[in-house]
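Asker: Okay, here's the structure, questions in a sec.
The values are calculated or read from the model by the stated rules, or taken from the named source; none is laboratory data. Source: prediction; values computed, not measured. Ideal geometry is used to build each Cβ from the backbone, glycine not excepted, and the neighbour counts take in all protein chains shown. Heavy atoms of the whole protein, side chains included, go into the accessibility calculation; ligands, DNA and RNA do not. Shrake-Rupley method; radii C 1.70, N 1.55, O 1.52, S 1.80 Å.
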Amino acid sequence: MSDGTGTRPMVIVGGGKAGGTAAATLRDEGFAGPVVLISREPGIPFGRPPLSKTYLRSEEDLTGWYIRPPDWYEANNVDLRTDSVVAVDPAAHALALGSGQELGYQKLLLATGGKNRRLQLPGAELPGIHYLRTVAECDAIKREAVAGRRVVVVGMGFIGCEMAASLTQLGVEVTAVFPGKYPLERVLGEQFGALIGAIHRRNRVRLLAGGQVVAFQGTERLEAVVLADGERVGCDFAVVGVGIDPDVPAVAGSAMAQDNGILVDELCRTSAADVYSAGDAANHLHPVLGRVRVEHYNSAEHHGAAAARSMLGRADPFDYIHNFWSDQYEHILQYVGHATSWDDFAVRGSLEDGKFVGFYLLAGVVRAAVGFDRGGDPEWEPDSEMAACARLVARHARPNRGVLTDESADLRSLATATEQAR
Ligand SMILES: Cc1cc2nc3c(=O)[nH]c(=O)nc-3n(C[C@H](O)[C@H](O)[C@H](O)COP(=O)(O)OP(=O)(O)OC[C@H]3O[C@@H](n4cnc5c(N)ncnc54)[C@H](O)[C@@H]3O)c2cc1C
């Protein structure tokens, strides 16, 4: 089964940051054979961050977020198809598409990202309940977001927090319902969560901490969200952001191992021959961070590029130190590393003044760092404070805590001089 040219193509599934970057990298690296990129989302590959921020607030269109300009694909002979991959047969090196077609591949990249977890509750199908991942979903929320209307945001992870901020900025009255004590507490901890909570409250978001939604109510469309304690929160619409699950197409046989995503090694290889995975869908073995699956834009870009190089036979382990950012109101937070547990949160700067770097330490070792309104992009500015933090993480550094938190000590030199834990 060939693509009609006699040579099986490199096939990329997914038109997000990872898939789009992989296609571009194949060509950048000089691969001249056939490349097919299949995505169920119409349009060209693009990045999602503006969907909860500037695009939602109608401050920019998506042009600046295209992975490559619209005419790049034809000019570079990349066959872009809007279709869905419904099954993968690794033994036959073949895919079944939603359109009914079959397609053979020489190497396959699954960059299929994540799909929103959906609440299965009474009333969950009422019009007016929204989730956010695609442009179409964002456009639907935009139509609802008229000043003076009331929204319930369910979940205060990154999507929930950014939605609460953007909708507030659009003049919508926001009530946020979430488990736990503070927004973002699960990822960033209590101290940081308390700060974020205070910022949302200051912007007149009503925070219902520890709240659990048990039902949606309405006759024609959503009118209220009902909580476990009996409170009925009246609203015009709701946006639910309760996390994603990896989006993995059906795979014939048991040929591809999965566990919280597609398991890949340091070279983005799955357990199935010639099948690779990258981005939000891939649970990858990282030389510094161990086995991780992250949901970050910059990581998806680097992972997609690494997968493409690996498909071309290059053997460079993917050791990028993950980072992400979030914009809420006039604030920017930047995070580098990956800490799921820590026993110390060491602050450089002032939590009270809201300008600081917080370090997540485990047994004295820097696992991750978060910068709040400190400037300096770890991705683009190698001399920045956050880039120095990424180097501390990469080195498993165990710095002196006093020096780490001392604003007058240079973090950049600390990143190269500190003792390594291993
Ligand atoms: C609203 C929003 C805001 C965000 N903001 C930030 C931010 O500020 N900072 C940050 O670091 N990260 C942010 N993220 C996360 C970041 O966008 C993701 O980490 C990134 O999109 C992952 O890229 P990906 O290519 O792995 O997956 P995706 O972008 O999800 O792309 C996967 C693609 O695969 C397609 N697909 C899936 N299954 C199939 C199939 N079977 N057949 C065909 N096509 C398929 C999907 O339709 C989709 O087009 C945000 C995410 C969202 C949703």
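Asker: Mind checking the full-extension length gain between Glu125 and Asp319? Use 0.36 nm per residue of separation minus the Cα-Cα distance, one decimal, nm. Write down the numbers at each step before the final one.
Answerer: Details: separation 194, 0.36 × 194 = 69.84 nm, distance 4.23 nm.
My answer for the length gained is 65.6 nm.
Asker: Still on this model: Which of Gly234, Phe372, Ile196 sits farthest toward the positive end of the charge dipole of the chain, with +1 on the Cβ of Lys and Arg and -1 on the Cβ of Asp and Glu?
Answerer: Farthest towards the positive end: Gly234.
Asker: Here's another thing I want to ask about it. Would you mind checking the radius of gyration and Dmax of the range 236-338 based on alpha-carbon positions, in Å?
Answerer: Final numbers for Rg and Dmax: 15.5, 53 Å.
Asker: Still on this model: Sequence-distant or interchain residues sharing an amide H contact under 5 Å with Leu207, placed H: which?
Answerer: HN-HN under 5 Å from Leu207: Ala176.
Asker: Where in the range 293-361 are there trypsin sites (Lys or Arg not before Pro) that are in a DSSP coil and have at most 14 other Cβ atoms within 10 angstrom of their Cβ? Don't jump to the answer; show the numbers that get you there.
Answerer: Details: sites: Arg293, Arg309, Arg314, Arg348, Lys355; in loops: Arg293, Arg314.
Counting only loop positions with at most 14 other Cβ atoms within 10 Å, the trypsin sites (Lys or Arg not before Pro) in the range 293-361 are Arg314.
Asker: Which value in deg cm²/dmol, rounded to the nearest 500, describes the helix-derived mean residue ellipticity at 222 nm for the chain, given -39,500 (n - 2.57) per DSSP H run of n ≥ 4 and division by the residue count?
Answerer: -6000 deg cm²/dmol
Asker: Can you check what the Kirkwood hydrodynamic radius comes to for the chain, Cα pairs only, in Å to one decimal?
Answerer: Working: mean 1/r = 0.0439 Å⁻¹.
Taking the inverse mean of 1/r over all distinct Cα pairs, the chain comes out at 22.8 Å.
Asker: What length, rounded to one decimal in nm, is gained on full extension from Asp406 through to Ala273, with 0.36 nm per residue of separation minus their alpha-carbon distance? Present the calculation step by step, with values, prior to reporting the outcome.
Answerer: Working: separation 133, 0.36 × 133 = 47.88 nm, distance 5.05 nm.
Extra length available between Asp406 and Ala273 comes to 42.8 nm.
Asker: A further question follows. Go through the range 97-145 and name the trypsin sites (Lys or Arg not before Pro) that are in a DSSP coil and have 13 or fewer other Cβ atoms within 10 Å of their Cβ. Can you show the working numbers first?
Answerer: Details: sites: Lys107, Lys115, Arg117, Arg118, Arg133, Lys142, Arg143; in loops: Arg117, Arg118, Arg133.
Qualifying residues, ordered by number: Arg118.
Asker: If you don't mind, there's one more thing I want to ask. In the neighborhood of Thr112, defined by Cβ-to-Cβ distances under 15 Å, what is the net charge if each Lys or Arg adds +1 and each Asp or Glu adds -1?
Answerer: Numbers: positive: Lys17, Arg40, Arg48, Arg81, Lys115, Arg133, Arg293; negative: Glu41, Asp83, Asp245, Asp247, Asp280, Glu295.
With Lys, Arg at +1 and Asp, Glu at -1, the neighbours total +1.
Asker: While we're on this one: Between Thr270, Thr405, Thr63, which gets the highest mean-square fluctuation from a Gaussian network model of the chain, Cα cutoff 10 Å?
Answerer: Top of the fluctuation ranking is Thr63.
Asker: If you don't mind, another one. Under the 0.36 nm per residue contour assumption, what length would be gained going from the current alpha-carbon distance of Glu60 and Glu137 to full extension?
Answerer: On the way: separation 77, 0.36 × 77 = 27.72 nm, distance 1.67 nm.
Using 0.36 nm per residue and subtracting the Cα-Cα distance, I get 26.0 nm.
Asker: Further question on the same structure: Tell me, what is the per residue accessible area of the range 3-131 in Å², probe radius 1.4 Å? Spell out each step's value before the answer.
Answerer: Values: 5540 Å² over 129 residues.
Solvent-accessible surface per residue comes out at 43 Å².
Asker: Output the direction-averaged projected area (hull surface divided by four) of the convex hull of the alpha-carbon atoms of the range 158-200, in nm². Can you show the working numbers first?
Answerer: Working: hull surface 11.3 nm².
The directionally averaged projection comes out at 2.8 nm².
Asker: Taking every Cα atom in the range 53-106, find the radius of gyration and the maximum pairwise distance Dmax, and write them in Å.
Answerer: When restricted to Cα atoms, the range 53-106 yields Rg and Dmax of 16.4, 48 Å.
Asker: Averaged over all directions, how much area does the convex hull of the C-alpha atoms of the range 100-178 cover when projected, in nm²? Working shown, then result.
Answerer: On the way: hull surface 31.6 nm².
Projected area, direction-averaged: 7.9 nm².
Asker: What FRET efficiency, computed as 1/(1 + (r/R0)^6) with R0 = 25 Å and r the Cβ-Cβ distance, is obtained for Ala194 and Asp229, rounded to the nearest 0.05? Display every interim value, and only then the final one.
Answerer: On the way: r = 22 Å, r/R0 = 0.88.
Computed FRET efficiency for Ala194 and Asp229 comes out at 0.70.
Asker: Sort 261-267, 408-414, 193-199 for me by packing, meaning the mean count of neighbouring Cβ atoms within 10 Å per residue, highest on top. Could you put the intermediate results ahead of the total?
Answerer: Numbers: 261-267: 21.4, 408-414: 14.0, 193-199: 19.4.
In descending order of packing, they fall as 261-267, 193-199, 408-414.
Asker: A follow-up question, please. Can you pull the one-decimal nm distance between simple spin-label points at Tyr329 and Glu266, each 7 Å off the Cα toward Cβ?
Answerer: My value for the distance between the label points is 4.4 nm.
Asker: Also, I was wondering about something else. Assuming R0 = 45 Å, what is the FRET efficiency of Asp344 and Arg206, from their Cβ-Cβ distance, to the nearest 0.05? Numbers along the way, then the final one.
Answerer: Details: r = 33 Å, r/R0 = 0.73.
In this case the efficiency is close to 0.85.
Asker: Mind listing which GluC sites (Glu not before Pro) in the range 67-136 are in a DSSP loop and have 14 or fewer other Cβ atoms within 10 Å? Show your work: numbers first, answer last.
Answerer: Working: sites: Glu74, Glu102, Glu125; in loops: Glu125.
Filter output for the range 67-136: Glu125.
Asker: Then there is this: For the range 1-80 and the range 185-199, compute the distance between their C-alpha centroids and round to whole Å.
Answerer: Here the answer is 36 Å between Cα centres.
Asker: With the cut-off at 22 Å, report for the range 154-253 the share of all Cα pairs above it, as a whole percent.
Answerer: Numbers: 1684 of 4950 pairs.
Cα-Cα pairs in the range 154-253 separated by more than 22 Å: 34 percent.
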